[in-house]
Amino acid sequence: MENHLLEVKGVDVLYGDVQAVWDISIDVDEGAIVALVGANGAGKTTLLKTISGILRAKRGEILFLGKSLTKIRPQEVVDAGVSHVPEGRRLFSKLTVFENLRLGAYPPRARPLFAQSLERAYGLFPVLRERKNQTAGSLSGGEQQMLAIGRALMARPHLLMLDEPSLGLSPLFVRAMFELIGTLNEQKVTILLVEQNIHQALKIAHWAYVLKTGRIAMSGRGDELLANAEIQNAYIGRRRSKSLPVL
Amino acid sequence: MLEYLSFGLIVQLLVNGILFGTMYGIAAIGLSLIFGTMRIIFIAQGTMIIFLAYVCYWLFRLLGIDPYLSLILVVPLSLLLGTGFYQTLFKEAAALEDKNISLLIAIGLMFFMENFMTVIWTGNPRSILTTYTSLVFRPLGIDLTFTRLIALLMAILSTVGVILFLKKTLIGMAVRAASEDMVSATLMGIDPHRVNAVAFAIGIGLAGVAGVSLATIYPFDPFYGFIFVLKALISLALGGIGNVLGALLGGIILGLLESLASFFLSGGWSDAISYAVFLLVLMFKPEGLFVRSVQKA
């Protein structure tokens, strides 16, 4: 296929001395929503960290728009057009909402577009405009997640990687979060989504990969996987039986 | 002794304490900035202050440059020195998970500088005597030494300067962001080496200001820097790490404490009390005196 925005080819990643990702290959097409699902410790977060340059692949290659991301540092990955909203949001809690957004536009490519990007972020999340002079730490969980995504969008990404965006949010915010992912996608943002909320993630994804202990166990269209009995039994059913979210 | 005690004397002790404490304060701001991004106590900070005091001394003795005028040379020099030290000594170590390596480099740098200064300037104390060294104002019967007033002014100006830099410039915001979460900062496109170098430059830049202040007020020798950095560390603990204004206030509190303790007790007690306060603060209020409580959202 010619329209792959991101290609991960045969990547191995070690976390300390432990191999967390084994020979993983995934493709993300321009304009798609691609989900990575699987149990805790399956290697989903490790894979995102490797794409954004926080971790190094021991073997394999990562191509974005045909250029290799394998050897470059995180600050260069974001300038190339890949924004990563990490697990737990990692906001600068002592800085104001505005300052967080300002730093979102730190990459050289994004700086000249700051004013325009800011308007877009405030347009998507009006509450951020209201709270622009508050510290990020004073926001509610849902507002913090909005800020984390707004901050990532300030870098003008072609690919937005979201790690567990619904984690720790109230059911109302979870629904809003998935609606937002749909809206962003309609605005031509390609999305790579890691989610524990497998049912919702598969519903929205065009394509999904199921990871199991660091390897790809299965892949397919979101709706196909959703209908797959094995997945139903392995993940979705079990989650329903537990009332506590998996942390 | 108590029969000499008067309202004027108390005020005098307080004024002296505040004026001296501001020097601890600016040293503490430097420590705070470097700790913020590098996660090490830059133990050589006091020795850098002494070194820059010697630079000021040399400019005065050899070239006849007025100590305050020499700021326009000393501050840019110290900014360059800070960047240079980072690039040559700390850059490789800063990328490592183990921060002890950076700390050991700082300790090595301190001992090297101490001995280097002893070779060049000997271990004997040096001081700068100018026409205004003994100039004193006496408003309301309180002695205000000119050089200490200037030191206070420089401390306030540099604190305001650092706060504005951190709040208003993009790179300043990046330094604050990196101090809070370096990994998240790199995901924003911030280069860790860039913010580390900036923190070092400003930290040593402040050492330049403190060095000139010190040189105009007190005699100094190559080994005084270590004690000075310990005092700055106490100020930092009082003010709370990552709080620029808090660090200055922490220095002032320590200055007051020492001034009162050395008058009412003795010089020896003054140091013992300083370190006792250090321990007490770390035990009971480790986030500093000026933080209401640790809030976790």
Tell me, please, whether a residue that is surrounded by fewer than 23 Cβ atoms within 10 Å (Cβ to Cβ) and out of contact with any strand residue (DSSP E or B) (no Cβ under 6 Å at 6 or more places or on another chain) can be found in region B:44-57. yes
Tally, over region B:5-20, of residues that are over 21 Å from the mean Cα position of the chain (by Cα) and assigned to a helix (DSSP H, G or I): 7
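Could you name every one of the helices (runs of 4 or more DSSP H) located completely within region B:70-123 that has at least 2 residues being surrounded by fewer than 20 Cβ atoms within 10 Å (Cβ to Cβ) and touching a residue at least 40 places away in the same chain (Cβ under 8 Å)?
B:71-85, B:100-121
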Anything in region A:96-114 that is closer than 29 Å to A:Arg56 by Cβ and either touching a Ser or Thr at 6+ places or on another chain (Cβ under 6 Å) or crowded, with 21+ Cβ neighbours inside 10 Å (or both)? List them, or say none. A:Asn100, A:Leu103, A:Gly104, A:Ala105, A:Tyr106, A:Pro107, A:Ala110
Cβ-Cβ distance below 6 Å, separation of 6 or more or different chains: which pairs start in region A:206-228 with a residue that is over 19 Å from A:Thr190 (Cβ atoms) and end on one that is of a type in the set (Val, Ile, Thr) and surrounded by 17 or more Cβ atoms within 10 Å (Cβ to Cβ)? A:Val210/A:Val37; A:Gly214/A:Val21; A:Ile216/A:Ile24; A:Ala217/A:Val210; A:Met218/A:Val210; A:Leu225/A:Ile231
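Suppose the filter is over 17 Å from B:Ile204 (Cβ atoms) and in contact with a Cys (Cβ under 9 Å, 6 or more places away or on another chain); does B:Ile128 pass it?
So B:Ile128 fits the description; yes.
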Of the conditions (1) of a type in the set (Val, Ile, Thr); (2) under 25 Å from B:Tyr24 (Cβ atoms); (3) modelled with pLDDT of 95 or more, B:Thr88 fails just one. Which one is it? (2)
For the structure I just gave you, tell me whether B:Phe42 is within 20 Å of B:Gly251 (Cβ to Cβ), under 14 Å from the mean Cα position of the chain (by Cα), touching a residue at least 12 places away in the same chain (Cβ under 8 Å) and not in a helix (DSSP H, G or I). yes
Could you tell me whether any residue of region A:24-41 is among the polar types (S, T, N, Q) and crowded, with 19+ Cβ neighbours inside 10 Å? no
Here are the criteria: (1) over 20 Å from B:Ser158 (Cα atoms); (2) surrounded by fewer than 24 Cβ atoms within 10 Å (Cβ to Cβ). Tell me which single one B:Pro222 does not satisfy. (2)
Is one or more of the residues making up region B:184-191 within 14 Å of another protein chain (Cβ to nearest Cβ), in contact (Cβ under 8 Å) with a residue 12 or more places away in the chain and surrounded by fewer than 24 Cβ atoms within 10 Å (Cβ to Cβ)? no
Looking at B:Leu164, B:Leu170, which one is under 30 Å from A:Arg90 (Cα atoms), more than 10 Å from every other protein chain (Cβ to nearest Cβ), modelled with pLDDT of 95 or more and surrounded by fewer than 18 Cβ atoms within 10 Å (Cβ to Cβ)? B:Leu164
Only one of (1) charged (D, E, K, R); (2) surrounded by fewer than 22 Cβ atoms within 10 Å (Cβ to Cβ); (3) assigned to a helix (DSSP H, G or I) is not met by A:Lys49, so which one is it? (2)
Would you check which residues across region A:79-113 are among the hydrophobic types (A, V, I, L, M, F, W, C) and either more than 15 Å from the chain's Cα centre (by Cα) or at the interface with another protein chain (Cβ under 8 Å from one of its Cβ atoms) (or both) and list them? A:Ala80, A:Leu91, A:Phe92, A:Leu95, A:Val97, A:Phe98, A:Leu101, A:Leu103, A:Ala105, A:Ala110, A:Leu113
Has region A:54-67 got at least one residue that is under 26 Å from B:Ile171 (Cα atoms), at the interface with another protein chain (Cβ under 9 Å from one of its Cβ atoms) and either touching a residue at least 24 places away in the same chain (Cβ under 8 Å) or of a type in the set (Val, Ile, Thr) (or both)? yes
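In region B:143-160, which residues are loosely packed, with under 15 Cβ neighbours inside 10 Å and either in a helix (DSSP H, G or I) or β-branched (Val, Ile, Thr) (or both)? Give the steps one after another, and end with the answer.
Residues of region B:143-160 that are loosely packed, with under 15 Cβ neighbours inside 10 Å, as a first pass: B:143, B:153, B:156-157, B:160.
Hits for region B:143-160 are B:Leu153, B:Ile156, B:Leu157, B:Val160.
Among the residues of region B:127-141, is any more than 14 Å from every other protein chain (Cβ to nearest Cβ), among the basic types (Lys, Arg) and not in a helix (DSSP H, G or I)? Can you show your working first?
Filtering region B:127-141 down to residues more than 14 Å from every other protein chain (Cβ to nearest Cβ) leaves B:127-141.
If we keep only those that are among the basic types (Lys, Arg) too, we end up with B:138.
Narrowing further to those that are not in a helix (DSSP H, G or I): B:138.
Yes, there is a match, as at least one residue in region B:127-141 is more than 14 Å from every other protein chain (Cβ to nearest Cβ), among the basic types (Lys, Arg) and not in a helix (DSSP H, G or I).
Does A:Gly168 satisfy the condition of being under 30 Å from A:Gly41 (Cβ atoms) and within 13 Å of chain B (Cβ to nearest Cβ)?
Yes: the conditions hold for A:Gly168.
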On the basis of being in contact (Cβ under 8 Å) with a residue 12 or more places away in the chain, within 13 Å of chain B (Cβ to nearest Cβ), within 20 Å of A:Thr46 (Cα to Cα) and not in a loop (DSSP other than H, G, I, E, B), does A:Glu76 make the cut? yes
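The values are calculated or read from the model by the stated rules, or taken from the named source; none is laboratory data. Note that the coordinates shown come from a computational prediction; the quantities given were computed from them, not determined experimentally. When we count neighbours, we look across all protein chains shown, and the Cβ atoms used for this are built from the backbone with ideal geometry, even at glycine.
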